[in-house]
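Structure first, then comments.
The values are calculated or read from the model by the stated rules, or taken from the named source; none is laboratory data. All values reported here derive from a predicted model rather than from experimental measurement. All Cβ positions, even for glycine, are placed from backbone atoms using ideal geometry, and neighbour counts span all protein chains on display. Note: accessible area is taken over every heavy atom of the protein model, side chains too, but ligands, DNA and RNA are not part of it. Shrake-Rupley method; radii C 1.70, N 1.55, O 1.52, S 1.80 Å.
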Amino acid sequence: MIALPVSPSINVFLRRIMKDSPWLIIHTMKFNIALLLCLSFAINHAQSFPIDFEDPLDANTIGADGGVFNVIPDPDDPTQNVGEFTPCCQDFSNMQLSLGQNIDLSDDNNNTITFRIKPQFGTGTNGQAPGQHLLKFEQGTTGDVAYAFTTQGTDWQLITADFGPGLGNYNKLVLIPDAFQSALNDTYLVDDFSGGTNFVPPVVVLPFDFSDPDHIFQGAGSVVSMEVDPDDPTNDVMQIIVGAGPMDNAYIDLSQMVDLSDDANNTISFRMKPINGTGSNTHQFRVEAGTSNPLDLSIDFVTNGTTNWQNIAIDFPSGLGNYGRLVIIPDANNTAVDTYLIDDLMGGTNFMPPSDPEEPAPDPNTPDAEVLSIYSDTGGFTNVWTPDYSFGAYDLEADLDPSSTENFAIKMDFGVQGYGQGTDGVTDISNYNYLHLDYYTGYATQMRIILIENDGGSVNEYYYELPTNEPFNYESWTSVDLDLSFFENQGFSKEFFFQYKIGTESNLTPGIVWYDNLYFHQNVLGIGQINRDKITVSPNPTNGFWQIKSQNHLLGSIEVYDVLGKLVSSLRLHDAEAIISAEGLTAGLYFAHIRTEGGTHIQKLLKN
């Protein structure tokens, strides 16, 4: 087994070690992927082992990063389906599958993965060296793991990937057919993936008394284990042996987030015993993967320098949210080496993620003649942008209308990845001034709406980000209409529109978001724009003030933002109408976030 460090020459390093070790663990590595992706990826259901490509939805669950994946009839047996993958243009073009159930490779007697592969054009023949490939599993409990293998000729070849001991369970399968060989560009057929054990993750929720092995933290620079309490042989505790690094720690990812939003119930308590009596050193308890700012937060604490059990209470401040990871840093910012016992970790409230929307997004009422539709099935739009490929993944596409009328929306899981589409050429959207999107979320912490241009081969992306440019609204459908000048001010050229993406900075920013009615349009809404609450704004445009009225529900709050996301006016009230002054505001476009008992609405305001 070879553990790989991060290296700027990782490709050279991999090439060298593949000669000596057929399988390897990759702990902290990301391959550089070209921005221009020839992809085919959407998720409608989740696959688990074994995988034989007979389900017609398999073509939508297998993704391609730098290539194209399809399900086709086996040319040698048309009664059977197989997967077909054509890599494109890069050393690590790959096909990938997020598994419905993790694959467990921890049992060395049952961690052999078998599958069949057929190089259509005979990679490895005609004097070439055998084609070098990698079968890789990612998003694992013990880092990523890869198995190197070769093929030669055009026949079906059975691959037996016998992984070594010491592994865990993994959520993603990745096949890299032309590892280190971007010039080969063969087409590969694959079929009959089997082996390992489908793993159902344990339920990991507070409190922890550490009698359950599933509640033992993972070590990062530390060695963590379940041990017997030296003061009570009937009791199990968690032991952390700290290394010499300044921030060696132990962490655990929760099945249900811990809710620290209630200041009357956001104290985390536990018992701690420094075996060697470390005294004045600062310790930290940290929460990460939050649903609101701060996304991560550390609280310092100390022990008194004895070897006794000591009660620790971490009283978190007000204004927090929900957190998916707990981290204990026993020797923060110092290199002291000690062994610590931990027990009886409790506090906060186990957070259940909000439910999915109970109703569909509102039907668009923008005139058809003013729209270029990207995704919408209820607006009656006839001018539709047609993508040639998609990339990334969405979690689900579902009909949210309980009636016989269809109204589909897309569900994103940003903890996995984002999703986008593109065209082979460019589209000139100079006739359009705004980008519309309806979204629904219960606890997302970030969302980027990204436009990508291709200016003569120079590919650049520009994004509008929530909550940086405007705050999230939670648990109600919210409409955003983005002035395309916001993107142009960053350098975006309308005449070279190429791709769009809905995502986050990385999959380390979790959150579930539904979206619908994504389209470009020409004009801002005018006076008397009607929505479900029958909210009207007049005069609009104005020189002096806007009068906002709600017919069906009382107004609760109104916040006005400029196009850069800066809050310029706010009002709290409990009335059917309100007056918002425009005095002191520069001429231009503003967005009013109007909250009522019926939900949240965003209305465009114009100041002359």
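For region 340-390, the normalised intensity computed at q = 0.21 Å⁻¹ comes to -0.90 (log10 of I(q)/I(0), Debye sum over alpha carbons, equal scatterers, no solvent). Label zone (residue 282, point 7 Å along Cα-to-C-beta; backbone nitrogen cut-off 20 Å) within region 234-248: 242-248.
Dipole of region 302-381 computed with +1 at Lys/Arg Cβ and -1 at Asp/Glu Cβ about the Cα centre; of 367, 379, 322, farthest Cα towards the positive end is 322.
Quote the relative contact order of region 251-343 in percent (integer), defining contacts as alpha-carbon pairs under 8 Å separated by 6+ residues.
Answer for region 251-343 is 44 percent.
Taking all protein chains together and a 1.4 Å probe, the residues 226, 352 rank 352, 226 from largest to smallest accessible area. Of 566, 549, the residue with the largest accessible area leads and the full order is 566, 549 (1.4 Å probe). Amide H contacts under 5 Å for residue 275: 339, 340, 341, restricted to partners 5 or more places along the chain or on a different chain, H placed in the peptide plane at 1.01 Å from N. Of 112, 386, the residue with the largest accessible area leads and the full order is 386, 112 (1.4 Å probe).
Computed over protein heavy atoms with a 1.4 Å probe, the accessible surface of region 360-403 works out to 45 Å² per residue.
Sparse packing (at most 14 other Cβ atoms within 10 Å of the Cβ) combined with a DSSP loop state is found for the following GluC sites (Glu not before Pro) in region 346-438: 358, 406. Here residue 562 sits with roughly 30 square angstrom of accessible surface, probe radius 1.4 Å.
Determine the alpha carbon to alpha carbon distance for each of 501/604; 566/604; 411/494; 534/604 and list only those over 21 Å. Violating the 21 Å limit, Cα to Cα: 501/604; 411/494.
Sequentially through region 240-246, phi angles give Karplus couplings (6.51, -1.76, 1.60; θ = phi - 60°) of 10, 9, 7, x, 8, x, x Hz, Gly and Pro residues having no value and appearing as x. Accessible surface of residue 346, taken over heavy atoms with a 1.4 Å probe and every protein chain present, rounds to 90 Å². When nucleic acids and ligands are ignored and a 1.4 Å probe is applied, residue 495 ends up with an accessible area of around 80 Å². Mind giving me the FRET efficiency for residue 310 and residue 109? R0 is 56 Å, r the Cβ-Cβ distance, nearest 0.05 is fine. Efficiency, from the Cβ-Cβ distance: 0.85. Across region 297-304, computed HN-Hα scalar couplings (Karplus, 6.51 cos²θ - 1.76 cosθ + 1.60, θ = phi - 60°) run 8, 10, 10, 7, 8, 10, 10, 9 Hz from first to last residue, x flagging Gly and Pro.
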